[in-house]
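What follows is a single structure, written as structure tokens, with notes after it.
Nothing in this text is a laboratory measurement; each read-out follows from the coordinates by a stated rule. What you are looking at is a predicted structure, and each value in this text was computed from that prediction instead of being measured. For neighbour counting, all protein chains shown are included, and Cβ atoms are generated from backbone atoms with ideal geometry for every residue, glycine included.
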Amino acid sequence: MSKIYYNKLVRDKTKEVIEAKGASCEVRTVIDDNEFQQELLKKVMEEARAFAYARTPQELLEEYADMLVLLDTLMVQFGISEEEIKKALELNIEVKGLYNKRHFLHWSDDDKYESRESPQGLS
């Protein structure tokens, strides 16, 4: 069997799952905290992409759980408490609102509007 190179952070049971299928793999433990944090941050894009492709309620639920595990790990890694998360969430909603009105922004002439979500500064 030929090797498929992933070179990415994986969940704790991934090795067991692969070996249970009769396949083999090589893993290493990421010891350096900075490397671990960087690998976790890379996983955010991977998990967000998977979440964006989910179409059924079951797929959404599974991807949501994956995202929560990742985000919880990141918060612990950066020393952010549940209380800080709760306060940040409340402030975020207070400042930006929710999605209840389903607004879709076509354009704006507000050249001061900033967003980190897109290269054009709009999202």
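When the Cα atoms of the stretch 18-68 are aligned to their principal axes, the ranges along those axes come out at 36, 33, 14 Å in descending order. Overall shape: prolate for the chain, with the ratio a/c of the largest to smallest alpha carbon gyration tensor axis at 1.5 or above and a/b above b/c. GNM on the chain, alpha-carbon springs under 10 angstrom: the most fluctuating residue among K43, K87, K112 is K112. Think of the chain as a dipole: +1 on every Lys or Arg Cβ, -1 on every Asp or Glu Cβ, centred on the Cα centre; then among S115, C25, A88, C25 lies furthest on the positive end. Applied to the stretch 25-32, the Karplus parametrisation 6.51 cos²θ - 1.76 cosθ + 1.60 on θ = phi - 60° returns per-residue 3J(HN,Hα) values of 7, 10, 10, 9, 8, 7, 8, 6 Hz, with x for Gly and Pro.
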